[in-house]
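Data block below; observations after.
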Amino acid sequence: MKFLSNKQSNVLMLILAFIGLNAILLNSCTASEKITSKSGAQLWGENCQRCHNTPSPATFSPEKWETVGMHMQSRALLTETEKEKIVEFLKQ
């Protein structure tokens, strides 16, 4: 005894795949508490030192750190919040 035709079965599979994919994407887009609770100093140490020696915060002016932050956000795949925390730490 068959409950669904092949066409109905395919449609059901597509719907379930779509729902599953959306659930994964929505969860991956929200920042985890673990990351959002970190300080700018922690994020700076964890992210910037992965690729190069980190300069002293006194190396650049606050305005220059803003520019460096924008550049490194895309290079290090930082979120806006992470970039802002790091730049604020470096500007202090």
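The values are calculated or read from the model by the stated rules, or taken from the named source; none is laboratory data. Treat the numbers as computed from the prediction; the structure is a model and nothing was measured. All Cβ positions, even for glycine, are placed from backbone atoms using ideal geometry, and neighbour counts span all protein chains on display.
Some values worked out for this structure:
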{"read-out": "Among residues of segment 58-92, those that are hydroxyl-bearing (Ser, Thr, Tyr), closer than 19 Å to Ser37 by Cβ and not in a loop (DSSP other than H, G, I, E, B), counted", "value": "1"}
{"read-out": "Residue among Leu26, Leu4 that is at pLDDT below 85, part of a helix (DSSP H, G or I) and among the hydrophobic types (A, V, I, L, M, F, W, C)", "value": "Leu26"}
{"read-out": "Residue in segment 11-23 that is within 20 Å of the chain's Cα centre (by Cα) and at pLDDT 85 or above present", "value": "no"}
